[in-house]
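A short worksheet on the structure shown next.
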Amino acid sequence: MRITKIEPQKKIPGRKNIYIDGDFAIGVGTEALLRTGLRAGDEIDAKVLSTLERTERDVALKTSALRLLSYRARSVHELHDRLKRKKFPEEDIETVLGELVRAGLLDDERFARMFIRDHMVLRPSGAAILKQKLFRLGISRTIADDALRELLPESSEEEGAEQAAQKYLSSRRKQGTDVATLRTRLTGFLTRRGYSWSIIKPLLARLLPEQDE
């Protein structure tokens, strides 16, 4: 078998059509073609064609993984699931994930710290709810606990709870809601955010004191 022609695809820039013995054989990306070094006129057998197909799959998988990481940081588990949904083979996914980890582009410890920092700025939450969210993203208990211990000491958690409470109350007070109702609703709100009663109780006493306090 001989490669008789290699031409650019008209609809997809960066991809080439390869013809063998005059017939269309396979479409591949430029990177896969460059990796194999194939050119028009080269002799090709089934083994070389198989290598080209495998190279094309590898490049497509890595490109997809890097594109997902370019949007935002992800955990190993999360990226694995996204690639799995794209129907890439499990063995190939594991290989690429390993390469990304070794290259420092995929790091669950760094991801956990970034996740916590972002939440504390955009949506202050208690340690319990943050831990649950990290678990759902595949972060191990050890990594989650270490990151929370480092970035969310009790003093910071209290500050986050007060920030969230003040923001919540600023809109509710304008509606003329009575103190008793506000206390109940604020308690539910902070509980859903993952704050413990030991943090909520003093906040209620300070921000919404009962009449007999």
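Nothing in this text is a laboratory measurement; each read-out follows from the coordinates by a stated rule. For clarity, every value in this text was computed on a predicted model and none was experimentally measured. Quick reminder, even Gly has a Cβ in these numbers, built from the backbone with ideal geometry, and neighbours come from all protein chains shown.
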So, counting K/R as plus one and D/E as minus one, what does the shell of residues with Cβ under 15 Å around Pro8 add up to? +4
In nanometres, what is the gap between the two model label sites at His77 and Arg102, each 7 Å from Cα along Cα-to-Cβ? 2.5
Charges only on Cβ, +1 for Lys and Arg, -1 for Asp and Glu: so what's the dipole of the stretch 108-151 about the Cα centre, in debye to the nearest 20? 160
Would you mind working out the magnitude of the charge dipole of the chain relative to its Cα centre, with +1 at each Lys and Arg C-beta and -1 at each Asp and Glu C-beta, to the nearest 20 Debye? 880
Taking every other residue with Cβ under 10 Å from the Cβ of Leu137 and scoring Lys and Arg +1, Asp and Glu -1, one gets 0
Find how much the distance from Thr184 to Lys133 grows on full extension, using 0.36 nm per residue of separation minus their present alpha carbon separation; answer in nm with one decimal. 15.9 nm
Please grab the % of Cα pairs in the chain that end up more than 23 Å from each other. 63
Sort Ser196, Ser171 so that the residue with the fewest other Cβ atoms within 10 Å of its own Cβ comes first and the one with the most comes last. Ser171, Ser196
Subset of Lys62/Lys87; Lys16/Lys47; Lys167/Lys201; Lys62/Lys86; Lys10/Lys62 violating a 22 Å alpha-carbon distance limit: Lys10/Lys62
Apply 1/(1 + (r/R0)^6) to the Cβ-Cβ distance of Arg141 and Arg35, taking R0 = 41 Å, and write down the FRET efficiency to the nearest 0.05. 0.50
Environment charge at His77 (Cβ cut-off 11 Å; Lys +1, Arg +1, Asp -1, Glu -1): +1
Expressed in nm to one decimal, what extension gain is obtained for the pair Ile26 and Asp45 from 0.36 nm per residue of sequence separation less their Cα-Cα distance? 5.5 nm
Using the alpha-carbon atoms, what tilt in degrees (0 to 90, nearest 10) does helix 154-172 show relative to the longest principal axis of the chain? 80
Before rounding to the nearest 500, sum -39500 (n - 2.57) across all DSSP H runs of length at least 4 in the chain and divide by the residue total; then give [θ] at 222 nm in deg cm²/dmol. -20500 deg cm²/dmol
Could you pull out which residues in the stretch 97-127 have an amide N less than 20 Å from a spot 7 Å beyond the Cα of Gln166, following the Cα-Cβ vector? 117-127
Extension gain from Met114 to Ser70, taking 0.36 nm per residue of separation minus the Cα-Cα distance: 14.3 nm
On Cα atoms only, tilt of 197-207 relative to the major axis of the chain in degrees: 60
